[in-house]
């Protein structure tokens, strides 16, 4: 009959080995273990190899990687009384594993509901133009609000983006008409500026040509060449530049009153004849 002490020692050794194996835990690099010892939280353990006291300690593994949370589409009224539908995406990560376990029951659901509520509040504080033109600024404002609300839970919100802004069809037609009117306005302004600039250039060109009469003759010859190259039946009668110069001289003479004495002498002779 064997020694009972030897058998008991063997059983104790087997039990110790089993308990040792059962107490071994391994956490990945992106995981932390929140350990509870008889209901009281201990320090977070991991990554790598660590031990738990069987029947005394239990653990909850927390993932430290960035989590993507979709915020379902929300319908709200903007500050200028326009109904809109907006959805968003929130990226967050756990920075304090113990708080994420102790302070909130379901951290993912809590972050999603906070983002949903704050998104509706944000839509009501801003106009439709702000939602369309300053989306990045509003996304940053929403991120700060969510991060402030989830900070006590050990959560850090890294980025928030509003994916789409849906407005009514009637509002879309009105905005399209407004955009068309603005484009027509810009086109008319550009055309008027072009005409003004062209008029200024023509004035400068005329001043240069008037300084050299030969330049005017060359311009006329160039115009005749251009018209003849188009194979049309247009007939052009060119007036010599001397006639133009004579007419200009007569006009200046009449303006200066040089012909007034001659006209008066002619009238006196006519009276004497009578």
Report the gain in length on full extension from residue 170 to residue 120: 0.36 nm times residue separation, minus Cα-Cα distance, nm rounded to one decimal.
15.8 nm
I'd like the Kirkwood hydrodynamic radius of the range 56-168, using the inverse of the mean 1/r over distinct C-alpha pairs, in Å.
14.7
Which residues among the range 51-74 fall inside the zone where the amide N is under 16 Å from a point 7 Å beyond the Cα of residue 161, along Cα→Cβ?
66-72
What are the extents of the Cα atoms of the range 4-62 along their three principal axes, in Å, largest first?
48, 24, 12
Taking the Cα of residue 178, stepping 7 Å toward and past its beta carbon, and measuring to each backbone N in the range 116-142: which are under 14 Å?
127-134
To the nearest 0.05, the calculated FRET efficiency linking residue 210 and residue 255 through their beta-carbon distance, R0 being 25 Å, is 0.90
For residue 53 and residue 85, what does the FRET efficiency come to when R0 = 45 Å and r is the distance between their Cβ atoms, rounded to the nearest 0.05?
0.25
Just need the relative contact order of the range 54-163 here, percent rounded to a whole number, with Cα pairs under 8 Å and 6+ apart.
34
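Rule-based calculations on the coordinates, nothing more; no lab input. Remember, it's a predicted structure, so these values are computed and weren't measured experimentally. Heads up, the Cβs are rebuilt from the backbone with ideal geometry, glycines too, and the neighbour counts pull from every protein chain shown.
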